[in-house]
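Novice: Starting off with a structure, shown below.
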Amino acid sequence: MRMAKKLTLEEIGKLAGVSRSTVSRVVNGQPDVKADVRERVMKVVRETGFVPNPAARSLAAQRSGILGLVIPRSVATFFGDPYFSRLTQGISQACYEQGYMLSLFLFYTEKEEELLLPRIAQRSFLDGVIVQATTDADPIIPQLQKSTMPFLVVGRLNEMPDNLSFIDVDNVSGAKNAVEHLIKLGHERIAHVSGRVDNRPAADRKIGYEKALSENGIPIDSNLIVNGEFSEEGGYAAAQALLPYKPDAIFAASDTMAVGVVRALKDAGLLVPNDIAVMGFDDLIPAQRSEPQLSTVKQPILRFGVSAVEVLINIIEKGDMPPRQALYDTELIIRNSCGAKL
C-alpha cells in the first residue's frame, strides 16, 4: 500500500524494522548491509513509494543519482569563457530539478586527463556523462564509446560517428543569417574571425560565412579570414591582421572575439559601425556590455544545458538506441554594432 505523505528515513526504518542509520546505508549504496535487511528496506520503499532526493535512484534502480559533466579543456579557459559558465548553469539547474547531483570534471594537464578519463568511463559512481565537444583529438568520446556508460555529447566533432547521441545548435544557418544581414546592409568586403579549424562550431560558422558570400555572388577572399582562437586577445590580433585588407564589416565566430575586434578597431582610430560593422555569435553578457552593443547570433545556451540533462536521463532510462540527435535554431539579435537602423 502506498503512503500519501512524504516519509522520513526514521519512518521507513520503523516500517522495515531497522534503524535510521541502516536505511541511510541502503540509500547511499553502502555494502555493509546484509542482503535480507537490504531487501526488507527496499520492499518498504517499493510499497510506500518512498522517494528520497536524490538517492531514490540508488534504491529503485541501483543508480547513484549523480551525472558527470566533462569539459576537456584547461581550467583557465573554462572559467574565462562565459559560454561554459552559462552552459554549466543550465545543466546544474536541470540536475537539481530532476533530483540529480552534478559532478564537474576539469583537467589541469594532459597527464591528469589520461589518469581520470578511464575512471569517468566506468559505471561506478556516475549514472551518465555529458561531454562538451571541443576538438577531434580529445580522447574522452572514444573512451566512453568503449564503455557501458550512458553519455551525451554537447556540440559535435568534425568526425562524428552516426550512432552517437548529441545536441547542437545549427551553426551553419546561424552564421549564414548573420553574414546575409551584413550583405543586406550593403557590405561587400566582409571579413571573418574564425575559431580553431579542428573545432566543429568554428568550422560550421566558417561554412555559413562562405555560403552567404557565395550565394550572394561575393568572392571568398582568404586574406579576409583570420583565426582568432575563440579569445578576446585572439580577436584583437585578428582585427589588426585584417585592417590592411580594408574590410567594411567583420563577422566574428564568438562574442568574446568580437569584443576584441571592437577594441582593436577603436585603438586603430576607427568607429564601429561607421567605419567597420561588427557581428558576433553567442549573445552572452560581453555582447550586451560592449560599446557599442554587439549585434550577434543568439544560441539558447541555458536551455541547451537543460535539454542536455533531459536527453541524457532519457538515454539512461531507455537505452542509447536509437541515438538522440537534435539541432537547435539560433536567432539574429540586431543591436548597434552592425549599423542597422534600430
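Novice: If you place +1 on the Cβ of every Lys and Arg and -1 on the Cβ of every Asp and Glu, how big does the dipole about the Cα centre of the chain come out, in debye to the nearest 20?
Specialist: 1520
Novice: Tell me which label goes with the value of P(r) over Cα pairs in 20 Å bins from 0, in percent computed from the coordinates here: [x] 27, 50, 20, 3, 0; [y] 28, 45, 20, 7, 0; [z] 25, 42, 27, 6, 0.
Specialist: [y]
Novice: Quick check for me: using +1 on Lys/Arg Cβ and -1 on Asp/Glu Cβ, what's the dipole size of segment 171-299 about its Cα centre, in debye to the nearest 20?
Specialist: Result for segment 171-299 is approximately 140 debye, rounded to the nearest 20.
Novice: At a 10 Å Cβ-Cβ cut-off, how would you order L265, L302, fewest neighbours first?
Specialist: Placing the least packed residue first, the sequence is L302, L265.
Novice: Which distance in Å, rounded to a whole number, links the C-alpha centroids of segment 135-177 and segment 88-110?
Specialist: Cα centroid of segment 135-177 versus Cα centroid of segment 88-110: 18 Å apart.
Novice: Given labels modelled 7 Å from the Cα in the Cβ direction, how far is it in nm from K318 to D170?
Specialist: For the pair K318/D170, the computed spacing is 2.3 nm.
Novice: Moving to a separate point now. In terms of the Cα gyration tensor, with a ≥ b ≥ c the square roots of its eigenvalues, is segment 171-299 rounded because a/c is under 1.5, prolate because a/b exceeds b/c, or oblate? If you can, show how the numbers build up before the last one.
Specialist: Working: a/c = 1.30, a/b = 1.13, b/c = 1.15.
Because its axes are fairly even, with a/c under 1.5, segment 171-299 counts as rounded.
Novice: Something else: Sequence-distant or interchain residues sharing an amide H contact under 5 Å with N227, placed H: which?
Specialist: Hits under the 5 Å cutoff: S194.
Novice: If r is the Cβ-Cβ distance from E39 to S147 and R0 is 35 Å, what FRET efficiency results, to the nearest 0.05?
Specialist: 0.75
Novice: When the Karplus curve 6.51 cos²θ - 1.76 cosθ + 1.60 is applied with θ = phi - 60°, which whole-Hz ³J(HN,Hα) does each residue of segment 256-262 get, with x for Gly and Pro?
Specialist: Values per residue, Gly and Pro as x: 4, 5, 4, 4, x, 4, 4 Hz.
Novice: Using DSSP, restrict attention to beta bridges with both residues in the chain and report what percent are antiparallel, rounded to the nearest 5.
Specialist: Within the chain, antiparallel bridges account for around 10 percent of the total.
Novice: Using the number of other C-beta atoms within 10 angstrom as an exposure proxy, rank V226, V262, V193, V179 with the fewest first. Walk me through the intermediate numbers first.
Specialist: Working: V226 21, V262 28, V193 32, V179 25.
By the 10 Å Cβ count, ascending: V226, V179, V262, V193.
Novice: In addition: So who's got an amide H within less than 5 Å of the one on R335, skipping anything under 5 residues away but keeping other chains? H placed 1.01 Å off N, in plane.
Specialist: Residues meeting the criterion, in which the H sits 1.01 Å from N, are S295, T296.
Novice: Using a Förster distance of 51 angstrom, determine the FRET efficiency expected from the C-beta separation of I218 and L115, and round it to 0.05. The partial results should precede the final answer.
Specialist: On the way: r = 50 Å, r/R0 = 0.97.
Efficiency computed from Cβ-Cβ geometry: 0.55.
Novice: Tell me the mean residue ellipticity at 222 nm calculated for the chain from its helices only (DSSP H runs of n ≥ 4, each -39500 (n - 2.57), averaged over every residue, nearest 500).
Specialist: Theoretical 222 nm ellipticity from helices: -13500 deg cm²/dmol.
Novice: Between T330 and residues 5 or more places away or on another chain, which pairs have amide H atoms under 5 Å apart, with H built 1.01 Å from N, and which residues are they?
Specialist: Sorted by chain and number, the residues that satisfy this are D170.
Novice: Can you compute the FRET efficiency between D162 and T135 using 1/(1 + (r/R0)^6), with r the Cβ-Cβ distance and R0 = 22 Å? Round to the nearest 0.05.
Specialist: Numbers: r = 20 Å, r/R0 = 0.89.
That gives a FRET efficiency of 0.65.
Novice: From the backbone phi of segment 125-130, what are the Karplus-calculated ³J(HN,Hα) couplings (6.51 cos²θ - 1.76 cosθ + 1.60, θ = phi - 60°) in whole Hz, Gly and Pro given as x?
Specialist: 10, 10, 7, x, 9, 9
Novice: Would you list D221, D81, D127 from fewest to most Cβ contacts within 10 Å?
Specialist: Values: D221 14, D81 19, D127 23.
Ascending number of Cβ neighbours within 10 Å: D221, D81, D127.
Quick note: the coordinates plus some simple rules give every number you see, no bench work behind them. These figures come from a predicted structure and were not determined experimentally. Note that each Cβ is placed from the backbone with ideal geometry, even for glycine, and that neighbours are counted across all protein chains shown.
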